[in-house]
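Only one structure is covered here, and it is reproduced in the block below.
The values are calculated or read from the model by the stated rules, or taken from the named source; none is laboratory data. What you see is a predicted model; the values in this text were computed from it and never measured. Here the Cβ positions follow ideal geometry from the backbone for every residue, glycine too, while neighbour counts run over all protein chains shown. For accessibility, only protein heavy atoms count, side chains too; no ligands or nucleic acids. Shrake-Rupley method; radii C 1.70, N 1.55, O 1.52, S 1.80 Å.
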Amino acid sequence: VLGAVAARPWRVPAAETLMVGHKPGPDLFAQAAATALEGARPSGDNAHKIELSRRIAIRALTLAAGGTPARLPALPACSLGVPADA
């Protein structure tokens, strides 16, 4: 789901099906993102959101394929973070 791109979230079964049974990788993610955004049309002066959405989808799939890191880095100025030297 990409916030601020559409009034409601929607699934694109063709993009989901495209990835089933294939090894995760940049080419597959780019193809899935392109499939998910087929037919996307800008509304007013927001044509940049289509390219942004493509890039975000590829990045999200890449991060998801990498799995959850054992330790997340602390956010700057976050009182919940662990100091970098800990």
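Full extension from ARG8 to ILE50: what is 0.36 nm times the residue separation minus their Cα-Cα distance, to one decimal in nm?
13.6 nm
Go through THR68, THR35, THR62, THR17 and list them by solvent-accessible area, largest first, probe radius 1.4 Å.
Most to least solvent-accessible, the answer reads THR68, THR17, THR62, THR35.
Mind checking the range 16-67 for GluC sites (Glu not before Pro) that DSSP puts in a loop (not H, G, I, E or B) and that have at most 13 other Cβ atoms within 10 Å?
Passing both the DSSP loop test and the Cβ count: GLU38.
Given a Förster distance of 25 Å, report the FRET efficiency between GLU16 and ALA70 from their Cβ-Cβ distance, rounded to the nearest 0.05.
Approximately 0.30, to the nearest 0.05.
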